[in-house]
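Where a number appears in this text, it was derived from the coordinates with a stated rule and is not lab data. It should be emphasised that the depicted structure is a prediction, and the values quoted were computed from it without experimental measurement. All Cβ positions, even for glycine, are placed from backbone atoms using ideal geometry, and neighbour counts span all protein chains on display.
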Amino acid sequence: MRIVHIIHHYWPFVGGIENVVKALAEGMARLGHEVHVVASTYGAEGRPREETVNEVHVHRIRSVRLGYPDLTYPLEYSIDLTSELG
């Protein structure tokens, strides 16, 4: 099964929801699922925009954070990603 998690921040940004999504994504990947996480680049400066971490495909998109994590707004839309995930 192909699974996509969309979250405002992902590892290496550390927080409660980030830890939960990381644990869920890695657990699902260990079960043999194809897991993708779409997150912002905020908090992941220096990390690649596309990488695989513990069998989880991480896609980071450029965004701006307006004070609170829940107000993270994407500045781009990846056509390649949506066609890849089909």
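Scanning region 1-18 for residues that are in a loop (DSSP other than H, G, I, E, B) and β-branched (Val, Ile, Thr) gives 7, 14.
Quick one: in region 26-45, which of the residues that are free of Cβ contacts under 8 Å to residues at least 40 places away in the same chain and closer than 18 Å to residue 72 by Cβ is surrounded by the fewest Cβ atoms within 10 Å (Cβ to Cβ)? It would help to see each step written out before you state the result.
Going residue by residue through region 26-45, those that are free of Cβ contacts under 8 Å to residues at least 40 places away in the same chain are 26-35, 37, 39-45.
Next, from what is left, pick out any that are closer than 18 Å to residue 72 by Cβ: 37, 39-45.
Details: 37: 23, 39: 24, 40: 22, 41: 19, 42: 18, 43: 20, 44: 18, 45: 8.
Of everything passing the filter in region 26-45, 45 is surrounded by the fewest Cβ atoms within 10 Å (Cβ to Cβ).
Give the residues of region 19-75 that are outside any loop (DSSP other than H, G, I, E, B) and more than 26 Å from residue 1 (Cα to Cα), sorted by residue number. If the condition is that a residue be outside any loop (DSSP other than H, G, I, E, B) and more than 26 Å from residue 1 (Cα to Cα), then 63, 64, 65, 69, 70, 71, 72, 73, 74 are the ones that fit.
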